[in-house]
Amino acid sequence: MNVERIRRLLEAVRDGRQTPEDALNALRDLPFEDLGFAKIDHHRQLRRGFPEVILCRGKTTPQVVEIFRKLAEREGMVLATRAEPSVYEAVHAVVPAAEYHEAARAITYGQPSASLPGNVLIVSAGTADIPVAEEAAITAQMAGATVTRLFDVGVAGLHRLLGHRKELEQATVIIVVAGMEGALASVVGGLVDKPLVAVPTSVGYGASFHGLAPLLTMLNSCASGVAVVNIDNGFGAGHFAALLCRTLQSHRERA
């Protein structure tokens with residue numbers, strides 16, 4: 001349950017449009033709702049500014065559907081990651097307004113209540129990195145961030161990246177998604193004065209060790225100001241970038 005919904009609930013009680021008993025029933029499942037197989041954290045939106053996210057991998061389809069339905073009812077906004085098309089079809093049958101983002105392998109419902117300041121630029125080294133880049137993009141958008149995409153600008157053809165200096169300079173936060181040797185994060189980090197989130201992907205040949213090679217490259221970046229998330233963790237990068245934009249918003253509001 002988000003802040004705006006609780007505010008409307010309290011105002012309805014104050015104005016006599018809702019009884020205290022009804023309000024208690026609406027708040028009964030705070031801080032969490034126990035489904036037996038899952039405990040849904042309905043308090044997370046209040047603490048973190050973003051509702052609980054469903055990682056579909058490892059869950060049964062009925063489990064995903066039930067968690068998604070409960071979050072849609074209570075939060076008004078849902079993000080489910082690593083979802084196969086068959087899982088989406090089952091969710092869509094119960095929540096018809098749910099949308100599937102094929103490239104990101106994500107299911108979404110609803111929209112953020114407000115937009116965050118700034119701009120998150122998602123940069124991918126290659127086309128094969130787009131699924132992870134899109135997961136980051138959809139996550140940041142669901143958190144309220146404005147997102148710009150810049151794909152297939154890896155170091156194998158550096159002139160492709162240098163042709164987009166304006167986009168790099170205008171970004172508030174940059175997410176760089178790269179497999180193989182993962183050098184793109186250091187290159188971008190050496191060109192801009194922006195916070196940069198590096199995402200290693202499992203894209204690459206045998207000696208990339210399913211993303212370990214780019215992970216180590218990014219952790220040992222020559223550029224300063226580079227934060228690194230785990231292999232293929234587009235969600236973590238998108239959420240972190242949105243938090244940076246939210247912090248910018250908080251500073252502006254206090255100024």
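The values are calculated or read from the model by the stated rules, or taken from the named source; none is laboratory data. Small disclaimer: the values here were computed from a predicted structure and weren't measured. Neighbour counts are summed over all protein chains in view; Cβ atoms, including those assigned to glycine, are modelled from backbone coordinates with ideal geometry.
Just to be sure before I move on: is E52 farther than 30 Å from L158 by Cα and among the acidic types (D, E) in the structure I sent? Please lay out each step first, then the result.
Details: farther than 30 Å from L158 by Cα: yes; among the acidic types (D, E): yes.
Considered against the rule, which asks whether it is farther than 30 Å from L158 by Cα and among the acidic types (D, E), E52 comes out as yes.
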Quiz item: Mind checking which residues of the range 175-196 are surrounded by 24 or more Cβ atoms within 10 Å (Cβ to Cβ), touching a strand residue (DSSP E or B) at 6+ places or on another chain (Cβ under 8 Å) and free of Cβ contacts under 8 Å to residues at least 60 places away in the same chain?
Solution: V176, A178, G179, G182, A185, L196
Quiz item: Taking the range 157-168, which residues are in contact (Cβ under 8 Å) with a residue 24 or more places away in the chain and loosely packed, with under 14 Cβ neighbours inside 10 Å?
Solution: L158, R165
Practice problem: Would you mind telling me which numbered condition in (1) buried (at least 18 other Cβ atoms within 10 Å of the Cβ); (2) within 23 Å of S250 (Cβ to Cβ) Q111 fails? | Solution: (1)
Quiz prompt | Lone unmet requirement of (1) of a type in the set (A, V, I, L, M, F, W, C); (2) farther than 20 Å from L168 by Cβ; (3) surrounded by fewer than 15 Cβ atoms within 10 Å (Cβ to Cβ) for I231 | solution = (3)
Self-check item: Matching residues, the range 114-147, being out of contact with any Ser or Thr (no Cβ under 8 Å at 6 or more places or on another chain), crowded, with 17+ Cβ neighbours inside 10 Å and of a type outside the set (A, V, I, L, M)
Solution: S124, G126, P131, E134, Q141
Practice problem: Determine, yes or no, whether E135 is in the same structural domain as F235 (by TED's automatic domain parsing), in contact with a strand residue (DSSP E or B) (Cβ under 7 Å, 6 or more places away or on another chain) and either over 19 Å from V228 (Cβ atoms) or without any contact (Cβ under 8 Å) to a residue 40 or more places away in the chain (or both). | Solution: no
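Is it true that some residue in the range 139-150 is closer than 26 Å to L196 by Cα, of a type in the set (D, E, K, R), in a helix (DSSP H, G or I) and touching a helix residue (DSSP H, G or I) at 6+ places or on another chain (Cβ under 7 Å)?
Looking only at the range 139-150, we keep the residues that are closer than 26 Å to L196 by Cα, and these are 139-150.
Checking the rest, the ones that are also of a type in the set (D, E, K, R) come to 149.
If we keep only those that are in a helix (DSSP H, G or I) too, we end up with none.
No, the range 139-150 has no match at all.
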Quiz item: Among the residues of the range 46-65, is there at least one that is touching a strand residue (DSSP E or B) at 6+ places or on another chain (Cβ under 7 Å), assigned to a helix (DSSP H, G or I), surrounded by 14 or more Cβ atoms within 10 Å (Cβ to Cβ) and at pLDDT 85 or above?
Solution: yes
